[in-house]
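Some notes on the structure that comes next.
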Amino acid sequence: STYYPRRAGGAAPTITLTPRHFGFSMIFQADLAFIGDGQIERLMMKIRRQQRMGSFVRDELTDQTIALSRAEYDEHLSAYKFFENRRGGLSVVRPLDFIQSHNAFVIEHATGEDLSKLVKADSPIATAAIERCGHWWRLFHYELHRAQERAWSVDVIDGMMSARLQRLRTIGAPAETLEVLRQEISAATRRVPPASVPVSLVHGDCKLRH
């Protein structure tokens, strides 16, 4: 009833949990089967892990990992409120809860067609669907957030690469191999012509199925 007030007072649903591993996250699909009307409500719960295939027990997570989970939920909530009253059908699935004790957040399952399947099947609506995705991204990055032009900087890339290579050194990666990798990437970044790029919010990947 907390997530679905209209069902308050009814019988408790039968819940089926389906876990899935996604890199640094553990995701549970929860199917809530309500006896009264035979309908199923579907929720998604995400728990961020400390490392790939690592523990997701809250007491074993760093403050940074816990803060990332909270920030992701807060960003989702902000986007939901931004799109909630807009016309044209563009929206964000409803965020339902952030469970502090387990560092987990809960959202409704996104219904609809998988865009990757539409493209693969050469669906007649695929082009229009991709255009709508582009419109959504523009609203997200230029109205909800304010993209700022940032000059391409080799120094920034060098700093990021140094930090990542240092992490590999701590787990015993060969120093000679890492140095070759550093030199190759450094040379590649210096071949890119200077340009300004719009920077907004860094987020996850943009696979068509997402």
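Before moving on, here are some points about what is shown:
- Identity of the residue in region 98-132, in contact with a Leu (Cβ under 9 Å, 6 or more places away or on another chain) and part of a strand (DSSP E or B), that ends up farthest from Ile66 (Cα to Cα): Glu108
- Of the residues making up region 15-26, those that are part of a strand (DSSP E or B) and either of a type in the set (Asp, Glu) or more than 14 Å from Leu43 (Cβ to Cβ) (or both) are His21, Phe22, Ser25, Met26.
- Matching residues, region 79-136, being open to solvent by less than 70 Å² (accessible area, probe 1.4 Å), more than 18 Å from the chain's Cα centre (by Cα) and at pLDDT 90 or above: Leu118, Val119, Ser123, Ala126, Ala128, Ala129
- Here Asp74 meets the list (1) of a type in the set (Asp, Glu); (2) more than 19 Å from Arg48 (Cβ to Cβ); (3) under 16 Å from the mean Cα position of the chain (by Cα) almost entirely, failing just condition (2).
- Candidate set from region 184-202 (those that are within 28 Å of the chain's Cα centre (by Cα) and of a type in the set (Ser, Thr, Tyr)); member that is farthest from Leu144 (Cα to Cα): Thr189
- For region 151-170, the condition holds for no residue, the condition being that it is in contact (Cβ under 8 Å) with a residue 40 or more places away in the chain, open to solvent by less than 90 Å² (accessible area, probe 1.4 Å) and either within 21 Å of Ser78 (Cβ to Cβ) or in contact with a helix residue (DSSP H, G or I) (Cβ under 9 Å, 6 or more places away or on another chain) (or both).
- Hey, Ala71 assigned to a helix (DSSP H, G or I) and either exposed (fewer than 15 other Cβ atoms within 10 Å of the Cβ) or in contact with a helix residue (DSSP H, G or I) (Cβ under 9 Å, 6 or more places away or on another chain) (or both) or not: yes
- Members of region 42-59 that are among the basic types (Lys, Arg) and either surrounded by fewer than 19 Cβ atoms within 10 Å (Cβ to Cβ) or in a strand (DSSP E or B) (or both): Arg42, Lys46, Arg48, Arg52, Arg58
- Hits in region 1-35 (condition: surrounded by fewer than 10 Cβ atoms within 10 Å (Cβ to Cβ) and in contact (Cβ under 8 Å) with a residue 40 or more places away in the chain): Thr2
- The number of residues in region 76-109 that are touching a residue at least 60 places away in the same chain (Cβ under 8 Å) and of a type in the set (Gly, Ala, Ser) comes to 2.
The values are calculated or read from the model by the stated rules, or taken from the named source; none is laboratory data. Computed from a predicted structure; not experimentally measured. Ideal geometry is used to build each Cβ from the backbone, glycine not excepted, and the neighbour counts take in all protein chains shown. Ligands, DNA and RNA are stripped out before the accessible areas are found, and what is left, the full protein with its side chains, is counted by its heavy atoms. Shrake-Rupley method; radii C 1.70, N 1.55, O 1.52, S 1.80 Å.
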